[in-house]
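Please treat every number below as a calculation from the coordinates, not as lab data. Here the structure is a predicted model, which means the values were calculated and not measured. In this analysis, Cβ positions are derived from the backbone assuming ideal geometry, glycine residues included, and neighbour counts consider all displayed protein chains.
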Amino acid sequence: MNERRSHLRFDKVFTVYLSTRDGMTRGIGRNISARGLFVETREPLPLGEKLKITFAGEDGTEMTCLCEVRYQVALAYGKQDGREGNSRGVGLRIVAYETQDEAPLLLVDRERVMH
């Protein structure tokens, strides 16, 4: 199977905070690249919705990016104990990053971000 992704991906599990027009919630970020990420969520988010994702480091640093919901995933599966399990999430496209230097939040073109 050919890999269609052109950007390096980090397969890591981390807590993110999602800010939507309805408020703030937590999610589990996975599989992040320079252009997007997958986030496990409790509730579905509408396709095309714009939201902010904030990553919080263990040392207290934060980074926020503006994202757009590109797809939704809902998965039902059987657990080893015979009970049903489920997972839900969204694929997000990163539109821009925000910085908190001396000025208010500033959108930075994602092409200029280096990893």
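Sparse packing (at most 16 other Cβ atoms within 10 Å of the Cβ) combined with a DSSP loop state is found for the following GluC sites (Glu not before Pro) in segment 32-77: GLU49, GLU58.
Amide H contacts of GLY36: ILE94, each under 5 Å away and 5 or more positions distant or on a separate chain (H built 1.01 Å from N in the peptide plane; Pro and chain starts excluded). The trypsin sites (Lys or Arg not before Pro) of segment 6-62 that DSSP puts in a loop, and whose beta carbon has at most 12 other beta carbons within 10 Å, are LYS12, ARG21, ARG42.
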